DNA sequence: GAATTAATTAAACGTTCGTTTTATTATTGC
DNA sequence: GCAATAATAAAACGAACGTTTAATTAATTC
């Protein structure tokens, strides 16, 4: 009926975050109750409010940190002074790896946007748009230099992102394919989709050369 | 406080279906209350239970009919005795057209699966799997005859479906692009993604010949 | 070791939810 | 035009929801 032995705020907060991502991904934000979350964490529902003032703020925190993580991952992975093929390769690889490794958090960020207040929705969408713009820039550069042949840059960017993010719907770790195999195949499909020149792509390939060269 | 003048069961049921699809697509199944739905229809909440025994049965009905509609549309559109390129073209065209014209129902069928009971979920997933299998068959046939060059048939099918269905996320009728323009561009991207031979595709093209020939 | 602060429980609050019950009126069939 | 039935309204049910308040104990500080 009060503070329990060995209790630690930082640990509790981390446990809440983790449990919330899993529960929301599985049941949905609206369907997850604060009591259910508290039970999963091992505390009473009231204890959650020491860490997050409202249920929506908890959701927003999860989404914001997911988007920040994605942006940071890309800033780290983004090659400097590279040609469009290399940059597109890096984007695809980073996107798929990041999303597969954070399947549940991605599910939350993609499916629960409508549960955010307008202001918070705008904030998340702004981060998402900025991230997607990076891809559009790569595609446009590649189209202008003749490396890619693309009808509609914006439409192609959306198609690629939907295709790549869709991996989390069917991918299950430890089954038929490894992350690396999935990434390789998606890289190959992406390059064909944007009409990348074989030579330019072949020269830029970071891994899996033999199998993919045949795929073209 | 009882039956109202001009009330008609069939009309009311149709109105409920329509309003439910829109509300669930906008707010989500869990977030939509039966009272909210009733208000949208213009009746009391109790009246809904004359048409659907539970909220979940209502959701299931909407999903089942959406999947049945998709299956029927494909059975009508499916070409007989056609080569893989023609069949893939028909599949893409049917899929995109159907989904764009039923954006809200598609949203419901894709996002609210976790609100179904296990038995109903299985039933919907069975219909979906059967529909997706049609695409895998086309891809496999094309790969075997050398018309397509594909790494992994199952993976490519999932990638294509995610890419095509993703249209409903960003497409808004009456904006920059028409349905036909979107379909044409997606057809072009699809054919490149599966490595279709240009000649075979060009010969099979049902529409938009000039623009798309250039796209390859 | 006393005072302070951090972490939590237990209980309750008002609201809303899906659903049921009962009564009432419009329409239809004969 | 009268009985049967279809279509609704009004009110209520118990349960669950997000959240708040107050009390209580563990850990930390000095």
*Taking the label point 7 Å from Cα in the Cβ direction, how far apart in nm is residue A:121 from each other copy of itself, listed shortest first?*
2.7
*Taking the label point 7 Å from Cα in the Cβ direction, how far apart in nm is residue B:26 from each other copy of itself, listed shortest first?*
3.3
*asked:* Give me the one-decimal Kirkwood hydrodynamic radius in Å for segment A:38-104, with the sum taken over alpha-carbon pairs.
replied: 14.5
_Pairwise centroid distance, computed over Cα atoms, of segment A:10-25 with segment B:108-132, Å_ = 28
*Relative to the longest principal Cα axis of chain B, at what angle does helix B:179-193 sit, 0 to 90 degrees, rounded to 10?*
50
*asked:* Applying a 10 Å radius around every beta-carbon, put B:55-64, B:87-96 in order of their mean neighbour count, most first.
replied: B:87-96, B:55-64
*Work out the mean other chain Cβ neighbour count within 10 Å for the residues of B:79-86 and drop it here as an integer.*
0
*asked:* At 25 °C and a viscosity of 0.890 mPa s, what translational diffusion coefficient does Stokes-Einstein give for chain A, taking Rh as the Kirkwood radius over Cα pairs? Give it in µm²/s as a whole number.
replied: 128
_Inter-probe distance in nm under a simple model that places probes 7 Å from Cα toward Cβ, at residue B:54 and residue B:36_ = 2.1
_Ordering of A:77-83, B:180-186 by packing [mean C-beta count within 10 Å, highest first]_ = B:180-186, A:77-83
*Helix A:118-144 versus the longest principal axis of chain A: what angle, 0 to 90°, nearest 10, using Cα atoms?*
10
*Can you give the average number of partner chain beta-carbon atoms within 10 Å of each beta-carbon in peptide A:110-123, as a whole number?*
1
*Label geometry 7 Å along the beta-carbon vector: residue B:97 inter-copy distances in nm*: 4.3
*Going by alpha carbons, how many degrees (0 to 90, nearest 10) lie between the helix axis of A:84-101 and the longest principal axis of chain A?*
30
*In nm, what is the difference between 0.36 nm times the number of residues separating residue B:80 and residue B:26 and their Cα-Cα distance?*
15.6 nm
*On a C-alpha basis, how far is the centre of segment B:62-76 from the centre of segment A:63-81 in Å? Whole number, if you could?*
40
*Determine, from the Cβ-Cβ distance of residue A:197 and residue B:110 and an R0 of 41 Å, the FRET efficiency 1/(1 + (r/R0)^6), rounded to the nearest 0.05.*
0.70
_Partner chain coverage, peptide A:181-188 - average Cβ within 10 angstrom_ = 3
*D (Stokes-Einstein, µm²/s), Kirkwood Cα radius, the protein assembly as shown, 0.692 mPa s at 37 °C*: 138
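Read-outs throughout are calculated quantities, based only on the coordinates presented, and are distinct from any laboratory measurement. This structure is a prediction, so every number in the text was calculated from the model and none was measured. A quick note on method: Cβ atoms are made from the backbone with ideal geometry, for glycine too, and the neighbour counts reach across all protein chains shown.
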